[in-house]
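This report refers to the structure that appears directly beneath it.
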Amino acid sequence: MLSLDLNTVAILVIALVLGSALAFIGVLIQWSLRKARPSQAEPSLPEARAALVQRSEEALYQEALEGTLAPEQAAPPISERPTSLDEVPAPAEVEEREPAPKAPVRIGIGLRKTRENFLARIRAAITGSKKTEELYEGLEEALIAADVGVEASLKIVEAVRIRLGNDSRPEVVRDALKAEIARILEAATRAPADSGDAPLVIMMVGVNGVGKTTTVAKLAARLKAERGGVIVAAADTFRAAAIEQLQVWCDRAGVDMVKQSQGSDPAAVAFDAVKAAVARNARSVVIDTAGRLQTKVNLMEELKKIARVAGRELPGAPHETWLVLDANTGQNALSQAKIFGDTVPLTGVVLAKLDSTAKGGVVIAIADRLKVPVRFVGLGEEIDDLREFDAREFVDALFEGGQGEGDNASGSYAA
Ligand SMILES: Nc1nc2c(ncn2[C@@H]2O[C@H](COP(=O)(O)OP(=O)(O)OP(=O)(O)O)[C@@H](O)[C@H]2O)c(=O)[nH]1
Ligand SMILES: [Mg+2]
């Protein structure tokens, strides 16, 4: 009985040991499998954190949209932000590549619609008038219709009249007109600001949809090629997807971008970007801002704040404040420029979408009325489609094909 009991106990002990060993092996296998696929079992810590951040950003943006976001919630006060540079990601490693050879964008091509509109009207005025008085009246009407603006048009024609007296030969009138327009454009020209050893800070402002973000990207690519390191500030924290849109452009241009979450204070973004640029010895900062109607006083005040806060980090910044205008707007561009200029001192204008309009004559009105230089013109939607404005080149392109009697297919003044 006792020996039987002993045998049974022995068998039981062996079974127990074997069972435990098997269970242990099972646990071991499970553990090693989990280790091999951690992300499938549960999210890693960084993933969980990113999901949390995204959720809170969406909530913030929703609140901003609904107008329930208290201003102090949007971003910490600037005074509490000096350490935020640590959070600015280090510059991405950008592979240096030889740019693909590409023909420089010609202003003549971008000006095609404006030129056709302008020249057709000028030709009709010059060739259709029998008397000198009629000629000058016709010229005034032609210039006004070509979006040169009433005051600028009257002024130009008066100057031509004084210069020519009774000489109404088409090619002479054409040359005098060209010279007068060039004179107005050149008078508004000014050298760009010099920021010395500090980064040059350029702030881009304008109403909604005029082409600010595209211009920021085009300009950043150009500044990078010409001057070295560029930091772009994603200070449009208002419009949905504005930061993502700019990020795509910055990747394309191979430049770094400083951002915060949507709904945050755009001035804080500008502050961070300028600070990062100084710390990293970047040569230029380009600040993209949200589109705003010139009639919204609080939004215009926000622009002042962005400029003020950028200047707090780097005295003198922003060195340049450029108003981006949609060339299609025609004369309305003047009122935009006036009100923006009353809010922040404008040092230049970028005329975007010149390629898609016949209203490019507004360049002359801007130069004449506002005495603000046109810095660049946008001639398309690609990153290279930005052309530095040159008064002579613009006027030559405007009158291209209108060579008086030698002109054929498109008609001549002497026809
Ligand atoms: N043809 C042409 N299109 C342009 C040019 N510049 C910008 N665009 C187009 O204009 C549209 C608006 O451009 P954005 O750069 O987003 O304009 P924005 O001023 O930043 O707009 P908001 O941020 O909404 O105020 C886009 O479809 C651009 O591709 C240009 O020079 N020529
Ligand atoms: Mg934009």
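Considering only Cα atoms, the convex hull volume of segment 149-280 works out to 162 Å³ per residue. Just so you know, the Rg over Rh for segment 265-340 is 1.02, from Cα atoms, with Rh as the Kirkwood radius. Over 17 Å apart: what share of the alpha carbon pairs of segment 338-388 falls there, rounded to a whole percent? For segment 338-388, the share of Cα pairs beyond 17 Å comes to 39 percent.
Beyond 16 Å, what share of the Cα-Cα pairs of segment 284-408 remains, rounded to the nearest whole percent? Let's see the in-between values first.
Values: 5123 of 7750 pairs.
Within segment 284-408, distances greater than 16 Å cover 66 percent of Cα pairs.
When the Cα convex hull of segment 212-307 is projected onto planes of every orientation, the mean area is 5.7 nm². Can you give me the Kirkwood hydrodynamic radius for segment 176-254, using every pair of distinct Cα atoms, in Å to one decimal? It is 15.0 Å. Based on the convex hull around the alpha carbon atoms, segment 156-218 presents an average projected area of 7.5 nm².
Laboratory data are not the source of any read-out in this text; all were calculated from the coordinates shown. Just so we're clear, the structure is a prediction, and the values are computed from it rather than from any experiment.
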